[in-house]
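Coordinate-derived values only; no laboratory data. Predicted, not measured: the structure shown is a model, and the values here were computed from it. Reconstructed Cβ throughout: ideal geometry from the backbone, glycine too, with neighbour counts over all protein chains shown.
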Amino acid sequence: MTIQEKIFSLNSDLRYILARQQHVKNLPVLAKGDRLIVDALKRDGIYITNLSELGLGSTSQLLNAAHRLLPTMGTTQYNSSVNNPPEIYIVTDLPSFYDWGKEQRLLNIIENYLSLPVAYHGVHLRKDFANENQFATLLWHRDVEDRRVLKIVVYLSDVEAKHGPFEYVPLSYTSKNQLNYYRIQQQIHNTAGIDDEALNKIVPKSAWKSCPGPAGTVIFADTRRLLHHGTLRREERSTLFFVYTANPPKRPELCTHFWDNSYPRPNLNSESEEVKVGASVI
Ligand SMILES: [Fe+2]
């Protein structure tokens, strides 16, 4: 990094800190109990709950829409000895999916966590398949779109060890005042991500936190702050990913794959829902 780039980056970090402080007075009031979620996110970078506990009004619409589409995904026979990337549908244009992610209670939680206005980028419906080798998001990494990236992951099927749960390293093992932080950053910088063997030498496997859970499990996770990955799986896993950053994010050019043509959209038949025109950022 040149000195000029360094100065620009420091300036931008300072503006970010000030903007967060200034926004505190505008933060929406949280519904009862939701302070707990925000506090856990600030402390741990993660909070795990489930759809019925959240009790959002649009949940049944979301589940109906997801279960209508899931049978059309993963119909190919996959061989786990080659790298099988996930099948992803962009469902940001479909109100049954998009509207769940913009439930006011969720947006209020996220705004309180980010302490900045929220950009809601969209929704992926995804199936992940059996793999024997770690590649792409199966490698340990941090997301890079913004300084904080809040993802809500909804399990649509039961997720046990064999289905490859979301897994993360607790913040206490990777905080900036530890050498681990820099060892990990260097490895991520040099490669696309870190495999289990390499990470085990920095943070022992016994410290990693796996997040199995029944269908309906909801994981709020800051995938920027947390070193994370999808564990290798022997059986497929179905999920929804909702993604939020501050508005505007630090790297808007990296946030487009929730609404551009990076992934296909589902083939809707006549009885399916109406498609909304264009994705919006709140
Ligand atoms: Fe990620």
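Taking other C-beta atoms within 10 Å as the exposure proxy, Lys151, Lys25 rank Lys25, Lys151 from fewest upward.
Checking every one of the GluC sites (Glu not before Pro) in the stretch 99-165 against DSSP loop status and a limit of 16 other Cβ atoms within 10 Å picks out Glu103, Glu132, Glu160. Counting Lys and Arg as +1 and Asp and Glu as -1 over every other residue whose Cβ lies under 9 Å from the Cβ of Glu87, the net charge comes to +1.
May I ask you to list the lysines whose Cα is less than 29 Å away from that of Lys127, ignoring any residue fewer than eight positions away on the same chain? Filter leaves Lys102, Lys151, Lys162, Lys205, Lys209, Lys250, Lys276. Taking Asn133, Asn177, Asn108 in turn, the Gaussian network model of the chain (Cα-Cα springs below 10 Å) assigns the largest fluctuation to Asn177. About its Cα centre, the dipole of the stretch 1-135 is roughly 420 debye, where the only charges are +1 on Lys and Arg Cβ and -1 on Asp and Glu Cβ. Each of Leu10, Asn64, Phe135 was scored by the projection of its Cα onto the charge dipole of the stretch 1-158, and the greatest displacement toward the positive side belongs to Leu10; charges sit on the C-beta of Lys, Arg, Asp and Glu. Computed from phi, the 3J(HN,Hα) profile of the stretch 148-164 under the Karplus parametrisation 6.51, -1.76, 1.60 (θ = phi - 60°) reads 9, 10, 9, 10, 10, 9, 10, 6, 9, 9, 4, 10, 9, 3, 5, 8, x Hz, with x in place of Gly and Pro.
Mind giving me the FRET efficiency for Ala161 and Asp99? R0 is 41 Å, r the Cβ-Cβ distance, nearest 0.05 is fine. FRET efficiency, Ala161 to Asp99: 0.80. Here the Karplus curve 6.51 cos²θ - 1.76 cosθ + 1.60, taken at θ = phi - 60°, turns the phi angles of the stretch 97-113 into couplings of 8, 4, 5, 4, x, 10, 4, 4, 4, 5, 4, 5, 4, 5, 4, 5, 6 Hz, with x standing for Gly and Pro.
Rounded to the nearest 20 debye, the dipole size of the chain about its Cα centre is 1000 debye, using +1 on the Cβ of Lys and Arg and -1 on the Cβ of Asp and Glu.
Using a ≥ b ≥ c from the Cα gyration tensor of the stretch 78-180 (square roots of the eigenvalues), is it rounded, prolate or oblate, where a/c under 1.5 gives rounded and otherwise the larger of a/b and b/c decides, a/b for prolate? Oblate, because a/c is 1.5 or more while a/b does not exceed b/c.
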